[in-house]
Amino acid sequence: MQRPTYGQSPPLHHPVPQHVSTVPQLRSPPPPTAQPQSHGYDGSPYPQQQQQAPQGGNMFGQYGNFMNDPTAQIATQFGQTAFRQGQDYLEKNVNRFVNVSALKHYFNVTNSYVINKLFLVLFPWRHKPWTRRQASDAGAGGGQEAWFYLPPRDDINSPDMYIPVMSIVTYVFLRTLFVGFRGEFEPELFGYIATRAIVMMALEILALRLGCYLLSISNQSQLLDLMAYSGYKFVGVIVTIAVSEIFNGGKGTGGWVGWTLFVYTFLANSLFLMRSLKYVLLPENNNTNQGPMQTMHPLDSRAKRSQRTQFLFAYSYPVQALLMWILCRP
């Protein structure tokens with residue numbers, strides 16, 4: 001039996017792709033080129049906007065014209081006027097109690113003055129002279145010469161308030177620091193130590209003023225001078241506390257080191273006050289009117305001068321010994 005024959009089958013055809021696709025090759029973008037007006041590819045996949053330089057030198061753009069706004073100018077003028085009025089009001093009211101212009105005289109210091117003054121307070125033994133330097137102003141007082149003392153930066157013997165103020169601040173932080181080393185620190189110590197120091201100075205100045213009133217001693221800037229001189233004791237107190245605490249291992253200012261330092265700084269401070277306060281409490285008797293603080297009349301008796309000398313000695317030695325001992329106590 002024969003197999004029936006069929007017609008010839010068509011040839012097989014494989015599908016031919018209609019669109020040729022190629023695998024993309026990954027390449028790093030080329031480095032950007034400095035072309036100010038180029039709009040082509042710059043290495044970033046996001047479109048960028050071309051920045052234009054601000055006109056007229058205004059680097060802040062649309063906000064640079066803020067000060068040219070009339071409203072801003074009015075606000076600026078109003079603020080300046082309010083500031084000047086507040087400053088004038090403050091000066092008028094403060095000058096009722098404190099002469100600000102005279103107070104600036106005591107802060108007119110330099111670095112060299114501060115170093116030399118500290119050395120003088122601690123080592124006053126061989127210092128000479130102790131008199132303050134004066135200068136004259138022939139144009140003041142209707143043609144008469146007006147004498148005034150030079151500021152601290154020009155005279156080592158001139159009192160200042162920079163060293164006393166900084167000494168009080170240093171004293172407060174130093175005492176608090178050593179208390180913290182012993183593990184007994186409390187935030188209230190700052191207020192307690194500062195209050196005690198300020199109250200002691202206030203009582204000291206009050207006693208000085210009372211003594212000057214009873215002895216008929218007065219001058220133009222007596223109060224400010226006494227405030228300045230009453231603060232120099234803190235220099236010796238700071239040296240005594242710092243050195244004795246280091247030698248005693250933070251156990252206080254006792255021991256032979258502490259007492260030796262205390263006696264030395266007390267004697268140095270007392271001699272410094274005796275020599276420095278002489279022009280305030282014991283002015284020289286002369287018939288000239290030179291000097292802004294000529295306090296003693298030429299006809300004053302020797303008895304009054306002797307009383308002033310005793311008052312100066314009592315303040316410089318017994319009173320200073322008591323105050324410095326209280327300040328050095330832990």
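Quick rundown of the values:
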{"read-out": "³J(HN,Hα), Karplus 6.51/-1.76/1.60, whole Hz, each residue of region 320-328, x for Gly, Pro", "value": "5, 4, 5, 5, 5, 5, 5, 5, 7"}
{"read-out": "Heavy-atom accessible area order for K104, K304, largest first, 1.4 Å probe", "value": "K104, K304"}
{"read-out": "Linear extension gain, V179 paired with A146, 0.36 nm per residue minus alpha-carbon span", "value": "6.7 nm"}
{"read-out": "Fully extended contour minus Cα-Cα distance, from A207 to S306, at 0.36 nm per residue", "value": "33.8 nm"}
{"read-out": "N248/S216 FRET efficiency (R0 56 Å; Cβ-Cβ; nearest 0.05)", "value": "0.75"}
{"read-out": "Region 152-201 shape via C-alpha gyration tensor axes, a/c threshold 1.5", "value": "prolate"}
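The values are calculated or read from the model by the stated rules, or taken from the named source; none is laboratory data. As the structure is a computational prediction, the values presented were derived from the model and not from experiment. Counting neighbours? That spans all protein chains shown, and the Cβs are built from the backbone with ideal geometry, glycine included. For the accessible areas, the whole protein counts, side chains as well, though only heavy atoms, and no ligand, DNA or RNA atoms are used. Shrake-Rupley method; radii C 1.70, N 1.55, O 1.52, S 1.80 Å.
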